[in-house]
Amino acid sequence: MKMPLEAFVGLRYTRAKRRNHFISFITLISMLGIALGVMALIVVLSVMNGFENELRGRILGMVSHVTVSSFRGPLQEWQSLREETLQHPAVIGGAPYTEAEAMISNLSSVSGALIRGIDPEFETEVSEIHQNMKFGELGDLVAGDYGIILGSGLANTLDVVPGDRVTMVTPQATSSPLGFLPRLRRFKVVGIFEIGVYEYDRSSAIIHTEDASRLFRLDGGVSGLRLKLDDLDLAPQVRQDLKQSIGLEYWVSDWTLRHSNYFKAVRTEKTVMFIILSLIVAVAAFNIVSTLVMVVTDKQSDIAILRTLGMSPLSVMWVFMVQGTLIGLIGTLLGLVSGVVVASNIGVIVPALEQFFQTQFLP
């Protein structure tokens, strides 16, 4: 296939040595500017995508994809409801849970906490908390022993370690000759977990669901069911399906409703970064225009010869458009390759730079 004259001349101009070395230098800078902008765009968006996935994984490792609770109060026959929800093809696990707020104290240290009652037999089906245990394991929670597993931040606040005892104070009042008093119960710390999200590590505590039922007076019931899906993106659809299948007496919620603010904030930040970095690439593209203006000025005599040979003004313009396009494509390709290489090895590059400069770039 015969190459168009404009493309042929443009390619020759791009490869030819220039009389003005300053123009060659500016061309190189324009190309590197495009490459740097594209590389930064790829690396930053890759890091943000990884951060979003890591944050979602950590949060959903603690909370559930879908929860089912009753409008009438505690669930008493949760086993039959669990079996019914497991019939949905997208549901791969289900576990009962109890959730309430309480105060936990240890001598002079006091902190509020979100108490979650779980059944260790089923909990591994719906969460990854067992993979984030620093001390102990979920199996250490035995009904009637009143053991408790604390988040690492909460344990630090209370200054306790496994084996210590803490006092839990619940809002449910107990009648006595002195009036109504809050319920107190001593718990033994049997484990500490850390999922890496401050909100949960600082304020969460786990006990056995039977102990929670007695403590919060649920008459053997639970607050609801937690469900795990094979694809968490199907949560809204599964929520609608379960609403129709299990009846209107149950409240069905999913993670997109309860934790949407986290992920909306991350997506907004990622969009803003994309716009800013795209503007950097656009500025680099304007440098190519400046380079072409200088090239056109330098090639005035060549342009006169081409016009004398019968080339139209539009064809002359396309000669230099080919040159600018080629500079942009080479810069984009260099940025794409370097961005993929840097993003793929970010775990090695960042620690090496931190060690070299003796400073921390990433937390």
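Nothing in this text is a laboratory measurement; each read-out follows from the coordinates by a stated rule. What you are looking at is a predicted structure, and each value in this text was computed from that prediction instead of being measured. Neighbour counts are summed over all protein chains in view; Cβ atoms, including those assigned to glycine, are modelled from backbone coordinates with ideal geometry.
Annotations
- Share of pairwise Cα separations in region 67-133, more than 16 Å, in percent: 60
- Average Cα contact separation per residue, the chain, under 8 Å, 6 or more apart, as relative contact order %: 30
- Across every direction, the projection of the convex hull enclosing the Cα atoms of region 32-72 has a mean area of 3.9 nm².
- Over the chain: helical MRE at 222 nm, DSSP H runs n ≥ 4 each giving -39500 (n - 2.57), nearest 500: -17500 deg cm²/dmol
- Spatial separation of Cα centroids for region 317-363 and region 244-278, in angstrom: 32
- Its Cα gyration tensor gives region 253-325 an equivalent ellipsoid, and the semi-axes of that ellipsoid, as √(5λ) in whole Å with the largest first, are 51, 12, 5.
- With distances taken between every two different alpha-carbon atoms, region 27-166 has a Kirkwood hydrodynamic radius of 19.0 Å.
- Too-long pairs where the Cα-Cα distance tops 32 Å, listed order kept, from Lys243/Lys270; Lys188/Lys243; Lys228/Lys270: Lys243/Lys270; Lys188/Lys243
- Stokes-Einstein translational diffusion, region 183-310 - Kirkwood Rh over all Cα pairs, 1.306 mPa s, 10 °C, in µm²/s: 72
- Listed candidates [x] 185; [y] 221; [z] 139 - label of the one calculated as volume of the Cα convex hull per residue in Å³: [y]
- The largest-to-smallest principal axis extents of the Cα set in region 113-261 are 49, 39, 30 Å.
- Annotation: peptides 148-160, 27-39, 266-278, ranked by per-residue average of other Cβ atoms within 10 Å with the highest first, follow the order 148-160, 27-39, 266-278.
- In Hz, Karplus ³J(HN,Hα) per residue of region 24-40 (6.51, -1.76, 1.60; θ = phi - 60°; x = Gly, Pro): 4, 5, 5, 4, 5, 5, 4, 5, 5, x, 4, 4, 5, x, 5, 4, 4
- Span per principal axis, largest first, for the Cα atoms of region 96-160 (Å): 37, 23, 20
- Other residues with beta-carbon under 12 Å from the beta-carbon of Glu210 carry, at +1 per Lys or Arg and -1 per Asp or Glu, a net charge of -4.
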